[in-house]
Amino acid sequence: MSRRQKRMLIRIIVSFVLLVVAKCLSFDGWLGYASFLVPYAVIGWDIIWKALRNICHGQVFDENFLMAIATIGAFFTGECTEGVAVMLFYQVGELFQSYAVGRSRKSISSLMDIRPDYANIEVDGKLVQVDPDEVSIGDIIVIKPGEKIALDGVVVEGNSFVDTSALTGESVPRGVMPDSEVISGCINQSGLIKVRVTKEFGESTVAKILDLVENSSTKKAKAESFITKFAKYYTPCVVFGAVILGVLPPLISGGGWANWIHRALIFLVISCPCALVISVPLSFFGGIGGASKCGILVKGGNYLESLARTEIVVFDKTGTLTKGVFSVTAIHPEKYSEDELLEYAALAEIYSDHPIAASIKAAYGKSVDMRRVANPQELSGRGVCAEIDGRVVCAGNGRLMAEVGAKWHECHKVGTIVHVAIDGEYAGHIVISDELKDGAAEAVADLKNQGVSMLVMLTGDSKEVGESVGEKLNMDQVCTELLPVDKVQKVEELILAKSDKGKLVFTGDGINDAPVLSIADIGVAMGGIGSDAAIEASDVVIMDDNPRKIPLAIDIAKRTLRIVHQNIVFALSVKAAVLILGALGIANMWAAVFADVGVSVIAILNAIRALKVTNK
Amino acid sequence: MIMKKVFKVQDLDCANCAAKMEEAIKKIDGVEDANMSFIMQKLTIVADDDKFDDIMKKAAKACKKIEPDCRIVF
C-alpha cells in the first residue's frame, strides 16, 4: 500500500468509529446532525473539496460532484446515517479499487521484468558496472552467472547456458559458446561469458520488446473505444434521469418530495462509469501481458480482438511449419563429378542468405575463395547467378533453367531441387529436403479444433515438396511455386473470400514476407528474435519458433475477449438493475454504491484473470 | 519534425479522467495523436517538435482542469 492509501485507511477507520459513536449517542435536533457531520467531514472532505474545485474548472459531471450531491442530499432528506455510510462505503471501494489496479499494474510489469539495469565492462582489468545505454557497438561486456545479458552481441569467450524464458517462454536453456549470438534480456546461467556488443541498447532486442509491449495500450480495441464513448453519454443521461425522477413525480402527485429526491440521489451514485472504463483496457492489457509471458508479443488490444475471430490461417511453409534447416540429401550431376557440381553451386550461392544456400554451403563444408566469384545476383523466387572462374553459373529452380535456356529435367526424389546450369548448359541438380517442425501437426490440429475454417499453406517450393508437406499436415489448401508477389495476391484473394466478420491470419518467418505480413488482418512473425523487419511489419511476434504458439495466441485472445464481454455485461446489467429498482423505490443507496464501486472492484478482479495463461 | 514523446503521469487515479484528458490533449492545436494510458500511467504525445514545449504547457493545463491532483512529469 502506498502512503496515500494508508492515510485513506486511517481516515476510513476513524470515520467509522465516529459514525458508530454518533449512532449510539443518537442526539436529537441540530446536535444530532452535528454528530454525524463529524465522521462525514473526516471521510468526505476531499471529495467535497474536489467537487467544488472541479465545478470552478467547468467539470460538472465528475464522480466527486455526484457523490457529494448524493450524500449531502441524504443529509437534507434526514437520512444522516446513510449519508455518512454511503460516503464511507464509496471511499472503501475507491481504496480497494486503487489497490487492485496497483497490484495488477505491478504483476503486469513484473512479467516484463527483462530490462537490464547495468552492464559490466572491463576497465584496466577491473569490472565496472555501467548503464547499458553507455555501451557502444564493439565493446566487450562481461556477464557473470545469474546476470542478465544487457545488450545483443556475439560471445567471444566462455561457455554457458542462457535462460531465454523471459523472452520466449521456452524453459529449456540454450547452450552458447564462442561465436554464438546472444540476445539481451536473457539470463546467463552457468559460466562467465564475454560478449562483443553488436547493437546499441536502444536497438537491442530487449529495448524493442519493452517498447512494443508498453506501446500496446495505444492501439485500442473496438470494445475499449466503445466503452469510452458509452461513458461519455452514460453519465449525463443518468444525471438527467435523476433530475426528472426527483422533480416530475412529486410535481404531478403533489407531494412526497423527500422520497423522490432520495430515489434521484440513488441515480447519481450509479452514474459513474468508472468500472467499465477501467476494466476493459485492464483486461486487454492483462491478456497482452499473459501472452508475452508465453513468448507471444501482441502489439495491441485490437489485434487480440481480431485474433479471437480468426477464420483463415495462412502459413508460409519454410521457417514456420518446417525447420527451414535444409540438408543436401542427394547430388545428381550430369557431365561433372558430384564434388564439382556441389562446389559450383556453393560458390554461386556464396553471398545468399537463403536457407537453401546455407545448406549447400554446409554440405560443401570447405572454405570458399571469394575471389573466384564475380557478379553475384539474387533472382527473387528463382535462384542465384554468378560468374565463377569466368563461367556463368546459375543455380535455382526449373523456371530459372528455362530462362537461361538449359535443358533440365525433374528429379524422382521429393525435396527442393536446385538445378545448376553452367554457361547455359544443364549441369545437374542437388536435392535438399526440409524437416517438419515438432508441434507443426499438433498446431494444425489445435487450430481446427478452435474452429478455424480454413488452413492454407503458401510456399515458393515446388509442387511435390509443398504438396507432400501439406498432405502430412492435413492442410485445406496448398499453393506452391509462388513468388513473393504471388503470395501477396493469393492472400488478397483469400481476404475477399472470407466472411465479413472473420479475420485472416498470416504466419511467416519475417524473411521476404513483410508485404504479406502487413496486408493480412493479423500478421504473425515467427522466430522474431533479432529480425527487426519482422518485428516492425507484423502485429504479433512469436519469439521462439514453435508453431503451437499460434493456437495458444488465439486461445489467449478468445479468453481475454470473454473476460471483456463478461465485464461489460456484468457492469451494465447490475447498473441497469439498480437503476430500475432505485426508480421503483426498492433499491437503497447501499445497493447504488455497490453498483458503482463494488462492481468496479469485481470487474478489476475479473480482468486480472486475463493475465493467467496456462501454457500447454 | 514529428516527434513522439512519452511522459510519466503521477497520481492518475481515475480511468474515466484519463480518457477525458486524452481527448482534451488530442484537441490541442498541433497534436497529431495522444494517448493516456491509465494502466501504465503514461502519456504519449505525437506532435511537431518545434511546438512541443507549447503543447506540453497546454496539455498540463488541460489535465489540471480535469483532475487537479494529477501531474505530468517532464
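What are the extents of the Cα atoms of the protein assembly as shown along their three principal axes, listed from largest to smallest and rounded to whole Å?
116, 66, 47
How large is ³J(HN,Hα) for each residue in the stretch A:66-77, as worked out from phi by the Karplus curve 6.51 cos²θ - 1.76 cosθ + 1.60 (θ = phi - 60°), to whole Hz, x for Gly and Pro?
5, 5, 4, 4, 4, 6, 5, x, 4, 4, 5, 7
Once you average over the residues of A:346-359, how many Cβ atoms of partner chains fall within 10 Å of each Cβ?
Partner Cβ neighbours, averaged per residue: 0.
If you build the convex hull over the alpha carbons only and average its shadow over all orientations, what do you get for the stretch A:416-461? Give it in nm² to one decimal.
Convex hull of Cα atoms, orientation-averaged projection: 4.4 nm².
By the scheme Lys and Arg +1, Asp and Glu -1, what is the net charge of all other residues having a beta-carbon under 13 Å from that of A:H57?
Computed value for this residue: +3.
Return the distance in nm (one decimal) between the two label points of a simple spin-label model at A:V243 and A:E200, each offset 7 Å from Cα along Cα→Cβ.
Between A:V243 and A:E200, the simple spin-label model gives 5.7 nm.
By how many degrees, 0 to 90 and rounded to 10, does the Cα axis of helix A:3-25 deviate from the longest principal axis of chain A?
Long axis of A:3-25 versus the principal axis of chain A: about 30 degrees.
Starting from the Kirkwood radius over alpha-carbon pairs of the stretch A:34-96, derive D by Stokes-Einstein at 25 °C in a medium of 0.890 mPa s and give it in µm² s⁻¹.
209 µm²/s
Would you please give the FRET efficiency between A:F161 and B:D50, computed as 1/(1 + (r/R0)^6) with r the Cβ-Cβ distance and R0 = 56 Å, to the nearest 0.05?
0.65
Work out, step by step, the length gained on full extension between A:D28 and A:D211: first 0.36 nm times the residue separation, then minus their alpha carbon distance; give nm to one decimal.
Difference between extended and current length: 59.6 nm.
With N denoting the number of residues in the stretch A:327-433, provide Rg(C-alpha) divided by 2.2 N^0.38 Å, to two decimal places.
Rg over 2.2 N^0.38 Å, computed on Cα atoms: 0.93.
Above 23 Å lies some portion of the pair distances; for the stretch A:439-557, what is it as a whole percent of all C-alpha pairs?
Pairs farther apart than 23 Å: 26 percent.
Viscosity 1.002 mPa s, temperature 20 °C: give me the Stokes-Einstein translational D for the stretch A:564-616 in µm²/s, with Rh taken as the Kirkwood radius over C-alpha pairs.
Answer, rounded: 177 µm²/s.
Taking A:K448 as the anchor, which lysines have their alpha carbon closer than 23 Å to its alpha carbon, excluding any fewer than eight residues away along the same chain?
A:K317, A:K323, A:K437, A:K472, A:K487, A:K490, A:K498, A:K501, A:K503, A:K549, A:K558, A:K616
Once the Cα atoms of the stretch A:499-616 are picked out, what are the Rg and Dmax in Å?
Final numbers for Rg and Dmax: 21.1, 67 Å.
Report the semi-axes of the equivalent ellipsoid for the stretch A:228-316 in whole Å, largest first, where each axis is √(5λ) for an eigenvalue λ of the Cα gyration tensor.
After diagonalising the Cα gyration tensor, the semi-axes are 47, 13, 8 Å.
Would you mind listing how long chain B runs along its three principal axes, going by Cα atoms, in whole Å with the largest first?
Sorted largest first, the three principal extents are 33, 21, 19 Å.
Give the dimensionless ratio obtained when the Cα radius of gyration of the stretch A:425-492 is divided by 2.2 N^0.38 Å.
So the Cα radius of gyration is 1.30 times the expected 2.2 N^0.38 Å.
Between B:D29 and A:D46, how high is the FRET efficiency from 1/(1 + (r/R0)^6) when r is the Cβ-Cβ distance and R₀ = 30 Å? Nearest 0.05.
The value I calculate is 0.30.
How much of the DSSP beta bridge set in the protein assembly as shown is antiparallel, as a percent to the nearest 5?
The antiparallel fraction comes to roughly 75 percent.
Using only helices, what value at 222 nm comes out for the protein assembly as shown when you add -39,500 (n - 2.57) per DSSP H run of length 4 or more and divide by the total residues, to the nearest 500 deg cm²/dmol?
-16000 deg cm²/dmol
Please work out the Cα convex hull volume for the stretch A:119-214 and give it in Å³ per residue.
Convex hull of Cα atoms, per residue: 87 Å³.
Per residue, what volume in Å³ does the convex hull of the Cα atoms of the stretch A:242-366 enclose?
Dividing the Cα hull volume of the stretch A:242-366 by its residue count gives 176 Å³.
State, to one decimal in nm², a quarter of the convex hull surface area for the C-alpha atoms of the stretch A:359-500, i.e. the direction-averaged projected area.
Averaged projected area of the stretch A:359-500's Cα convex hull equals 10.7 nm².
For the stretch A:455-496, go through all pairs of different Cα atoms, get the mean of 1/r, take its inverse, and jot down that Kirkwood value in Å.
Mean inverse Cα-Cα distance, inverted, gives 10.3 Å.
Taking the inverse of the average 1/r across all pairs of different Cα atoms in the stretch A:19-155, what Kirkwood radius in Å do you get?
So the Kirkwood estimate lands at 20.1 Å.
No lab work stands behind these numbers, since they all come straight from the coordinates. What you see is a predicted model, and the numbers here were worked out from it, not measured in a lab. Backbone-built Cβ (ideal geometry, glycine too); neighbour counts: all protein chains shown.
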